[in-house]
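Notes to accompany the following structure.
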Ligand code: SF4
Ligand code: F3S
Ligand code: FES
């Protein structure tokens with residue numbers, strides 16, 4: 001489809017600018033081979049809207065900073081090809097559930113930091129100090145692989161933006177927090193028990209508030225197994 005003209009309808013609003021109001025603005029540009037939303041937005045900013053705000057760092061699906069709502073779906077701009085939109089019309093909105101910085105840029109960092117502090121998102125080992133004289137704890141490759149599988153979260157915020165429970169209840173922990181706790185629960189080096197997790201997981205702000213809407217599972221760009229992990233944590237909390 002290279003050569004066709006694409007239409008981008010982009011949410012524009014700068015909360016810092018006095019008198020600015022939210023609006024959708026259209027831009028057109030010719031599609032090129034292998035064009036991603038990242039490439040298109042850069043071209044729009046270079047040639048048509050120099051003040052357009054959006055975030056990108058790695059351009060490779062690793063940093064999580066380019067998440068936005070593309071034709072109604074929260075996903076990564078750098079991994080989304082324009083050729084996947086046969087109509088050639090693409091709408092872009094900032095992720096909901098996070099504070100808007102401007103246009104397509106949102107502050108996911110404050111949310112992720114608060115979530116990390118709330119769940120103590122680090123390994124709780126028996127000994128406090130790490131010693132280079134002690135041999136590392138052995139771990140079976142299969143277990144290390146399973147932990148790694150759950151540890152692939154890039155903190156993009158798509159699962160939070162796609163969750164209606166989170167939209168209705170600001171204090172809801174959200175799927176990203178559940179996934180991180182599931183990862184530590186699997187890790188034998190972490191000394192925390194189900195009882196230790198109970199105050200963050202075993203209530204309406206935790207897994208019992210989740211309405212199993214599965215927007216997290218459907219929209220996680222890293223295909224993390226939210227459905228099975230939430231079910232697992234729920235069972236665990238019932239027996240805590
Ligand atoms: Fe993004 Fe998936 Fe991590 Fe949620 S769990 S923040 S959707 S990578
Ligand atoms: Fe939200 Fe996922 Fe539960 S979308 S309601 S956290 S299943
Ligand atoms: Fe890093 Fe898209 S720019 S994930």
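The numbers here are math on the coordinates, done by the rules we state, and not lab data. All values reported here derive from a predicted model rather than from experimental measurement. Note: ideal-geometry Cβ built from the backbone for every residue, glycine included; neighbour counts use all protein chains shown.
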| said: Compute the helix-to-body angle for 175-186: its Cα long axis versus the longest principal axis of the chain, expressed 0 to 90° and rounded to tens. | reply: 30 degrees
| If you rank 111, 178 by fewest surrounding Cβ atoms within 10 Å, what's the result? | 111, 178
| query | Using only helices, what value at 222 nm comes out for the chain when you add -39,500 (n - 2.57) per DSSP H run of length 4 or more and divide by the total residues, to the nearest 500 deg cm²/dmol? | reply | -9500 deg cm²/dmol
| field | In degrees, nearest ten, helix 37-47 long axis to first principal axis of the chain (Cα) | value | 40 degrees
| request: Treat the count of other C-beta atoms within 10 Å as a stand-in for reagent exposure and order 179, 24, 237 from fewest to most. | output: 24, 237, 179
| said: For the chain, take the longest principal axis of its alpha carbons; what is the angle in degrees between that and the long axis of helix 108-119, to the nearest 10 within 0 to 90? | reply: 10 degrees
| said: Order these by the 10 Å Cβ neighbour count, fewest first: 153, 163. | reply: 153, 163
| So for the chain: antiparallel DSSP bridges make up what percent, rounded to the nearest 5? | 80 percent
| query | Ratio of Rg to Rh for segment 5-106, alpha carbon only, Kirkwood? | reply | 0.94
| field | Where the Cα pairs of the chain fall when distances are cut into 5 Å bins, in % | value | 1, 6, 13, 15, 16, 13, 11, 9, 7, 5, 3, 1, 0
